[in-house]
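S.K.: The structure is given below, and queries will be raised subsequently.
Quick note: the coordinates plus some simple rules give every number you see, no bench work behind them. Given the structure is predicted, the values throughout are model-derived calculations rather than measurements. Positions of Cβ are generated from backbone atoms using ideal geometry, with glycine treated the same way; all protein chains shown enter the neighbour counts.
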């Protein structure tokens, strides 16, 4: 039996790669939902892990462990490619909500994942601003 899909922001995936306060909640959600991501998620995860290492919140061994875990997740997630409507939709979202460019692109991709019918579709994130925008767009938000 397969799990229902949810769109996962990288902020919710990093706690599956390394130990963070949100890791326990992320693991519960991982057992409940399949992972749908946008094509740039691997870049965002590497960015997050390298930032944590630079800030000395994780050491090099934890960084390497996180990278291995991220690769394992990449083997099970469904990655969405951009369509011709992704950029215009993201620009519209930027006009509506106080998002960064990458977050608007992710939210646009999440809308594509659910065929622009977000009611009942789950969006998982640890980013409050993105959670607020996803909720206002109509998603069911699971916040870490």
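S.K.: For the range 28-68, enumerate the residues that are under 27 Å from residue 4 (Cα atoms), surrounded by 13 or more Cβ atoms within 10 Å (Cβ to Cβ) and free of Cβ contacts under 8 Å to residues at least 24 places away in the same chain.
M.R.: Selection gives 30 alone.
S.K.: Taking the range 69-105, which residues are in a loop (DSSP other than H, G, I, E, B) and free of Cβ contacts under 8 Å to residues at least 60 places away in the same chain?
M.R.: Scanning the range 69-105 gives 75, 76, 81, 82, 83, 84, 85, 97, 98, 99, 100.
S.K.: Now for a different question. From 71, 106, 128, grab the single residue that is touching a strand residue (DSSP E or B) at 6+ places or on another chain (Cβ under 6 Å) and within 23 Å of residue 27 (Cα to Cα).
M.R.: Unique residue meeting the criteria: 106.
S.K.: Could you list all residues from the range 14-52 that are in contact with a helix residue (DSSP H, G or I) (Cβ under 9 Å, 6 or more places away or on another chain) and assigned to a strand (DSSP E or B)?
M.R.: The answer is 35, 36, 37, 38.
S.K.: Given (1) out of contact with any strand residue (DSSP E or B) (no Cβ under 7 Å at 6 or more places or on another chain); (2) surrounded by fewer than 18 Cβ atoms within 10 Å (Cβ to Cβ), identify the lone condition not met by residue 114.
M.R.: With respect to (1) out of contact with any strand residue (DSSP E or B) (no Cβ under 7 Å at 6 or more places or on another chain); (2) surrounded by fewer than 18 Cβ atoms within 10 Å (Cβ to Cβ), residue 114 is out only on (2).
S.K.: Here's a follow-up. Right, residue 11: more than 19 Å from residue 129 (Cα to Cα) and not in a strand (DSSP E or B) or not?
M.R.: So residue 11 does not fit the description; no.
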